[in-house]
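Okay, handing you the structure first.
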Amino acid sequence: MRLAAPLSFATLALAAIAAAPQPPAHKAPHAATQMVAQTPPMGWNSWNFFHRNVTQKDVEAAADAMASNGMRDAGYVYVNIDDTWEGERDANGVLHTNSKFPDMKALADYVHSKGLKLGIYSSPGPKTCAGFEGSYGHEQQDADLYASWGIDYLKYDLCSYRKIMAEQAPNDKAAQMRTMIAAYAKMDKALKSTGRPIVFSLCQYGDDAVWEWAPSIGGNLWRTTGDINPTWNRIYDILEEQAGLARYAGPGHWNDPDMLEVGNGKLSPAENRSHFSMWAMLAAPLLAGNDLPNMTPEVLSILTNHDVIAIDQDRLGREATRAYADGEVEVWTRHLEHGALAVAVLNVGSDRYSSHPFNLSLAKLGLRGPQNGKDLWTGKEVTLTNDEPIELASHDILLVRIPAPRY
């Protein structure tokens with residue numbers, strides 16, 4: 001099992017932060033700006049399902065679905081457009097949308113009319129990952145534009161800025177990191193100067209121990225890994241990479257193991273449940289990435305499980321940690337408000353069609369005696385003991401909330 005922290009450049013990261021010039025002082029941000037993402041953001045992002053093909057109509061349809069199918073009421077707020085909305089800049093440097101998005105202001109108004117918020121995507125580099133216009137050299141201009149449209153969330157993807165880093169500091173990783181930090185700090189300053197509360201999502205794949213410096217430059221969430229895909233192996237790899245990162249998360253600043261793939265690919269119902277459960281345990285942003293208007297009732301029921309969402313949104317903001325692993329079973333715990341505890345027992349075994357009896361060790365969780373709680377997927381009251389084996393199918397999960405654990 002791999003630990004995510006420290007990464008190769010973690011030491012460089014700390015040195016770079018200390019050496020990096022501080023961004024210029026600016027006016028105190030709008031009070032609402034300071035309060036964004038006090039719990040992990042919830043919503044939807046276009047990329048996992050639509051990729052390059054997303055249109056304004058698709059985003060409107062996603063907003064319609066969220067407003068009518070119970071997702072908005074369950075806490076999903078942000079409707080986020082990923083890459084490929086960008087057109088060209090005019091003679092004054094103002095960025096325009098392309099033909100897929102004929103009127104971004106009208107789209108924002110439409111999304112807001114549904115009681116939702118609109119997110120957008122850019123890069124600190126000259127080009128986005130898909131080759132569209134980035135924000136390099138136009139940071140304040142773009143931030144002002146987003147605010148004028150009514151944008152509520154920005155995903156800022158490193159992409160072509162890697163080339164800028166290499167050009168400005170060839171063969172000097174520490175200097176390249178200082179350059180990267182300064183680029184993200186510059187956009188944070190630009191966003192805050194607009195006075196509009198905009199969630200700032202850093203996407204640079206966990207490079208250079210981003211969790212160690214992102215909060216200091218205004219990041220509300222930061223990607224901890226490379227991209228997700230709708231396969232169990234990739235989801236589990238990402239889960240394993242989160243070990244060691246819990247201490248960096250808290251209200252207003254969150255580790256981001258990437259968007260949800262629930263309902264995509266060939267994930268089984270058990271895999272969808274486990275994926276959703278573990279992202280909730282990790283206090284991860286819950287950004288659905290599926291085809292919202294056409295999902296099955298089963299997928300919708302997973303995405304709108306209020307008890308599991310309550311784990312994710314717990315205001316204590318404590319991310320889960322892996323308590324121990326025994327063979328093909330892992331046990332994770334998360335401390336919650338009012339002294340409650342969430343326990344996840346996950347069968348990561350490779351045989352998809354067999355169950356795995358497992359004896360939980362309460363002592364390894366620091367617990368004493370039988371523990372009464374609620375199984376958050378069946379809704380039934382359960383008692384966790386050392387003696388009664390837990391039967392779990394491959395890639396399935398037992399998620400229990402214990403309101404009054406005995407230590």
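The values are calculated or read from the model by the stated rules, or taken from the named source; none is laboratory data. None of these values were measured; they are calculated from a predicted model. Because the Cβ atoms are built from the backbone with ideal geometry, glycine has one as well, and the counts that use them run over all protein chains shown.
Mind checking which residues of the stretch 137-179 are free of Cβ contacts under 8 Å to residues at least 40 places away in the same chain, assigned to a loop (DSSP other than H, G, I, E, B) and under 22 Å from Asn220 (Cβ atoms)?
Result: Cys159, single match.
Does Thr378 satisfy the criteria of being under 26 Å from Asn264 (Cβ atoms), loosely packed, with under 13 Cβ neighbours inside 10 Å and at pLDDT 95 or above? It would help to see each step written out before you state the result.
Working: under 26 Å from Asn264 (Cβ atoms): yes; loosely packed, with under 13 Cβ neighbours inside 10 Å: yes; at pLDDT 95 or above: yes.
Taking the combined requirement at face value, the residue satisfies it.
Moving on. Return the only residue of Ala183, Ala166 being modelled with pLDDT of 95 or more and farther than 24 Å from Pro215 by Cβ.
Details: Ala183 fails: farther than 24 Å from Pro215 by Cβ.
After ruling out the rest, the residue left standing is Ala166.
One residue is enough: does the stretch 240-260 have a residue meeting the conditions over 11 Å from Pro40 (Cα atoms) and polar (S, T, N, Q)?
Yes, the conditions are met somewhere in the stretch 240-260.
Okay, next question. Identify the residue in the stretch 285-308 that is farther than 16 Å from Ser46 by Cα, in contact (Cβ under 8 Å) with a residue 40 or more places away in the chain and of a type outside the set (A, V, I, L, M) and, among all such residues, is surrounded by the fewest Cβ atoms within 10 Å (Cβ to Cβ).
The qualifying residue surrounded by the fewest Cβ atoms within 10 Å (Cβ to Cβ) is His306.
Next question. Mind telling me which of the residues Arg223, Arg247, Arg234 ends up being within 14 Å of the chain's Cα centre (by Cα) and of a type outside the set (Asp, Glu)?
Matching residue, one of Arg223, Arg247, Arg234: Arg223.
If you go through the stretch 219-229 one residue at a time, do you hit one that is touching a helix residue (DSSP H, G or I) at 6+ places or on another chain (Cβ under 9 Å), surrounded by fewer than 19 Cβ atoms within 10 Å (Cβ to Cβ) and among the polar types (S, T, N, Q)?
From the stretch 219-229, those touching a helix residue (DSSP H, G or I) at 6+ places or on another chain (Cβ under 9 Å) are 219-229; that's our starting set.
Now restrict to residues that are surrounded by fewer than 19 Cβ atoms within 10 Å (Cβ to Cβ): 226-227, 229.
Applying the additional criterion that residues be among the polar types (S, T, N, Q) yields 229.
Within the stretch 219-229 (the criterion being touching a helix residue (DSSP H, G or I) at 6+ places or on another chain (Cβ under 9 Å), surrounded by fewer than 19 Cβ atoms within 10 Å (Cβ to Cβ) and among the polar types (S, T, N, Q)), the answer is yes, since at least one residue qualifies.
Also: Identify, please: which residue in the stretch 153-188 is more than 27 Å from Ser46 (Cβ to Cβ) and of a type in the set (D, E, K, R) and is, among those, surrounded by the fewest Cβ atoms within 10 Å (Cβ to Cβ)?
Per the criteria, the residue is Glu167.
Quick check on my filter: what residues within the stretch 396-407 are under 17 Å from Asn305 (Cβ atoms) and either surrounded by fewer than 19 Cβ atoms within 10 Å (Cβ to Cβ) or touching a residue at least 60 places away in the same chain (Cβ under 8 Å) (or both)?
Asp396, Ile397, Leu399, Arg401
Here's a follow-up. Can you run down the residue pairs with Cβ atoms below 7 Å, 6 or more apart or on separate chains, where the first is in the stretch 234-250 and within 16 Å of Thr333 (Cα to Cα) and the partner is outside any helix (DSSP H, G or I) and among the acidic types (Asp, Glu)?
Here the result reads Ala246/Glu319; Ala249/Glu319, each pair linking the stretch 234-250 to a residue that is outside any helix (DSSP H, G or I) and among the acidic types (Asp, Glu).
OK, next. Just to be sure before I move on: is Ala393 at pLDDT below 95, outside the structural domain of Asp237 (by TED's automatic domain parsing) and surrounded by 12 or more Cβ atoms within 10 Å (Cβ to Cβ) in the structure I sent?
Answer is yes for this residue.
Could you check the stretch 241-327 for strands (runs of 3 or more DSSP E) lying wholly inside it with 2 or more residues that are more than 25 Å from Val210 (Cβ to Cβ)?
321-326
Moving to a separate point now. Please give the helices (runs of 4 or more DSSP H) falling wholly within the stretch 31-125 in which 3 or more residues are under 20 Å from the mean Cα position of the chain (by Cα) and touching a residue at least 12 places away in the same chain (Cβ under 8 Å).
The qualifying helices (runs of 4 or more DSSP H) are 47-50, 56-68, 71-74.
If you don't mind, another one. Among the residues that make up the stretch 83-105, is at least one of them in contact with a Phe, Trp or Tyr (Cβ under 6 Å, 6 or more places away or on another chain) and surrounded by fewer than 15 Cβ atoms within 10 Å (Cβ to Cβ)?
Yes, the stretch 83-105 has at least one match.
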